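Heads up: the structure comes next, in structure tokens.
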Amino acid sequence: MKKTRGMAVSLSTSVTLSSGGIARVMGPARIAVRRGKVRILGIELGEGQSVVISRFRSYAVKALSDSQMDIVLGEGGSVEEPEKGEEVIDQWESVVEKVLSRDRVTLVVVGPVDSGKSTFTALVANMALSRGMEPVVIDGDVGQCDLAPPSFVAMARIEKPVLWLRELMGEYFRLVGYITPSVAPYKLLRALVELGREATHLGRVVVVNTDGWVYGYQALELKSEIARALNADYVVVLDEVVGKKLSRMLTPLGIEVITLPRPRVVRERDRDDRRYLRRQNYRRFFDGAKRICVGLDSINIAGSCVFSGEPLSEEELASIAERIGARPIMGSRHDDLVALVVERGAEPSVIPRLREAGGKDVYLIPAKARLRIVSAVLTNGSRNEYPALIDSIDPEKGLCLYTKYGGEVRSVIVGRVRISEEWEEVGKPMKCVI
Ligand SMILES: Nc1ncnc2c1ncn2[C@@H]1O[C@H](COP(=O)(O)OP(=O)(O)OP(=O)(O)O)[C@@H](O)[C@H]1O
Ligand SMILES: [Mg+2]
């Protein structure tokens, strides 16, 4: 088989594989099995069955018997025969078989960016599902969680096979508030522990995907702590060097580390692709969401500097007002900062070490401005942290937000990521956004 590439106009091609043969298909592509049987990511496809591969993905297609496939390639798609050693799916599958020989199992998947963590996670889920094992996936990649908007981690039960975790919607969410795991690792750890507790009630196989931050001791220590806190039976590492390091850290603690090679040739995503994918996931949760305003007296607000500090008196507000040239409406004090809601200003900002505020940093939050902070609504029954977008804080209307959560909004947790009308992250994450 030689490499066939899709052009601007889609291209149809027919590919034959003898039993045991592998083809690598880069999306966008549609694969229909005409004869025989193939397997993609643990999903078996027989005669007349088909799958669609996104332009952001590539997969190994393995023939389980002599097979023929009709493949339609879109622009940038391709199908080719992997060189010896490039494809790793056989090794992956045999490790998953071993892991699934237990009755219950929790495993954490670790690896660098683009090493195949999300794909391996889906493979475990698919293979567990075909064995009737009730798999649950926790997507702990806080920057690009497939099940939730960025800055969240989330969990979903797998009830039908998936090629890409994005086909699923999270059932349980936890807000971390940042899209990089290193900023507040304790928040990520807390979030994953809570999801893990829920997951073990819901299924027998728990697979935890993690972010691609594996460079440096701190990164690996965080991965180890996650594995320990979740009581993982195995950590699967898709990189030899990282695997060795993690193994030295985790073996003394009784957690088995399994190192697997990553596929050598994959559909990589550049920065623009990643931005596009993040934007899609913000839209999925917030585009078309209803806007709700709740009076400040009837809502609990957590994760906010203004609402958690010691309230400032009228006199204190007045004395600060003179210096900042804006009228503060409300504000509060912490040991190291003062947070104020002010009447003017288009963007939140910080004045460093303002004397009138006792030499503290002063955070200014403009009332009524479009803040668009990625946040969560705390739902009563299930203790879920459902995605919400805080729109504005308004002394008259209260806290206004967008959410697709259908229940009553009584408590919110404020995140730190702000997004534009175009669903792109704006500014650097601040300590206090409200
Ligand atoms: N066995 C394979 N053969 C060919 N391509 C593969 C294989 N496994 C995964 N891929 C492709 O490799 C790319 C990276 O995989 P994946 O998204 O799972 O990696 P990741 O480690 O989760 O990346 P990220 O750090 O961005 O989350 C994807 O396009 C995926 O479709
Ligand atoms: Mg991933």
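Please report, in Å, the Rg and the Dmax of the range 4-80, where both are computed over Cα atoms only.
In order Rg, Dmax, the Cα atoms of the range 4-80 give 11.1, 33 Å.
Hey, can you grab everything whose amide H is under 5 Å from the amide H of SER411? Only 5+ residues off in sequence or another chain; H modelled, so Pro and N-termini drop out.
ASN300, LEU378
Whole-Hz ³J(HN,Hα) for each residue in the range 256-266, computed from phi via Karplus 6.51 cos²θ - 1.76 cosθ + 1.60 with θ = phi - 60°, x for glycine and proline: what do you get?
Karplus values, whole Hz, x for Gly and Pro: 7, 9, 10, 9, 10, x, 8, x, 6, 10, 9.
With only Lys, Arg, Asp and Glu charged, each at its Cβ (+1 for the first two, -1 for the last two), find how big the charge dipole of the chain is about the Cα centre; round to the nearest 20 debye.
620
What does the charge count near GLY74 come to, summing +1 for each Lys or Arg and -1 for each Asp or Glu among other residues with Cβ under 11 Å from its Cβ?
Once all neighbours under 11 Å are counted, the net charge is +2.
What is the spin-label model distance, in nm, from ASP90 to ASP394 if the labels are put 7 Å beyond Cα along the C-beta direction?
Distance between the two pseudo-spin positions: 6.4 nm.
For the range 73-184, with the dipole built from +1 on Lys and Arg beta-carbon atoms and -1 on Asp and Glu ones, taken about the Cα centre, which of VAL162, LEU73, GLY85 lies farthest toward the positive end?
The one lying farthest along the dipole's positive direction is VAL162.
Quick check: net charge around SER14, other residues with Cβ under 11 Å of its Cβ, Lys/Arg +1 and Asp/Glu -1?
Net of charged neighbours comes to +1.
Relative to the first principal axis of the alpha-carbon coordinates of the chain, what is the inclination of helix 271-286, with its axis defined by its Cα atoms, in degrees from 0 to 90 and to the nearest 10?
70
Could you work out how far helix 314-324 tilts from the main Cα principal axis of the chain, as a 0 to 90 degree angle to the nearest 10?
Helix 314-324 sits roughly 70 degrees off the main axis of the chain.
For the chain, with a Gaussian network of springs between Cα atoms less than 10 Å apart, report the residue from VAL38, VAL88, VAL417 with the top mean-square fluctuation.
VAL88
For the chain, set up a Gaussian network in which alpha carbons nearer than 10 Å are linked by springs, and say which option among GLU396, GLU86, GLU225 fluctuates the most.
Greatest mean-square fluctuation among the candidates belongs to GLU396.
Residue-wise, which Karplus ³J(HN,Hα) couplings in Hz belong to the range 93-101, taking 6.51 cos²θ - 1.76 cosθ + 1.60, θ = phi - 60°, and x for glycine or proline?
Residue by residue, the range 93-101 yields 4, 6, 5, 4, 4, 4, 4, 7, 6 Hz.
What's the magnitude of the charge dipole for the range 4-80 around its Cα centre, counting Lys and Arg as +1 and Asp and Glu as -1 at the beta-carbon? Answer in Debye, nearest 20.
Here the range 4-80 has a charge dipole of around 120 debye.
Given H placed 1.01 Å from N in the peptide plane, which residues other than close sequence neighbours of LYS360 have an amide H under 5 Å from its amide H?
The answer is LEU354.
Hey, what angle do you get for helix 117-130 against the long axis of the chain, alpha-carbon based, 0 to 90 degrees rounded to 10?
Orientation of helix 117-130: about 60 degrees from the principal axis.
Enumerate the lysines that LYS368 could reach by cross-link, defined here as Cα to Cα under 27 Å, with residues fewer than 8 away along the same chain left out.
Once the sequence-local lysines are set aside, what remains near LYS368 is LYS290, LYS360, LYS397, LYS404, LYS428, LYS431.
Mind grabbing the base-10 log of I(q)/I(0) for the range 332-434 at q = 0.13, 0.18, 0.21, 0.24 Å⁻¹? Debye formula, identical points on the C-alpha positions, no solvent, two decimal places.
Each listed q corresponds, in turn, to -0.51, -0.90, -1.11, -1.28.
I'd like the antiparallel share, as a percent to the nearest 5, of DSSP beta bridges with both residues in the range 89-268.
30
Summarise the long-distance tail of P(r) for the chain by giving the % of C-alpha pairs beyond 43 Å.
Result: 22 percent of Cα pairs exceed 43 Å.
Indicate, rounded to the nearest 5 percent, the antiparallel portion of the DSSP beta bridges found entirely in the range 285-434.
Taking every DSSP beta bridge within the range 285-434, about 80 percent pair in antiparallel fashion.
Would you grab the residues whose amide H sits under 5 Å from the one on LEU64? Only those 5+ places off in sequence or on another chain, please, with H modelled 1.01 Å from N.
Sorted by chain and number, the residues that satisfy this are GLY20, LYS37, VAL38, ARG39.
Antiparallel DSSP bridges in the chain: what percent, to the nearest 5?
Taking every DSSP beta bridge with both residues in the chain, the antiparallel ones total about 75 percent.
When only Cα pairs under 8 Å and 6 or more residues apart are kept, what is the percent relative contact order across the range 167-255?
24
Only counting other Cβ atoms within 10 Å, I'd like LYS84, LYS117 sorted with the fewest neighbours first.
So the residues, fewest neighbours to most, are LYS84, LYS117.
What ranking do 98-107, 406-415, 310-319 get when scored by the average of other Cβ atoms within 10 Å per residue, highest first?
Ranking, from highest mean packing down: 406-415, 98-107, 310-319.
For the range 225-233, in order, what is each residue's ³J(HN,Hα) by Karplus, 6.51 cos²θ - 1.76 cosθ + 1.60 with θ = phi - 60°, in whole Hz (x at glycine and Pro)?
5, 4, 4, 5, 5, 8, 6, 5, 7
Using +1 at the C-beta of Lys and Arg and -1 at the C-beta of Asp and Glu, which of GLY288, ILE351, LEU100 has the Cα lying farthest in the positive direction of the dipole of the chain?
The one lying farthest along the dipole's positive direction is LEU100.
For the range 100-219, with only Lys/Arg (+1) and Asp/Glu (-1) charged at the beta-carbon, what is the dipole magnitude about the Cα centre, in debye rounded to 20?
Magnitude of the dipole: close to 260 debye.
Just so you know, all these numbers are worked out from the coordinates, no wet-lab data involved. Note that the structure is predicted; figures quoted are calculated from it, not measured. Here the Cβ is made from the backbone with ideal geometry for all residues, glycine too, and neighbour counts use every protein chain on show.
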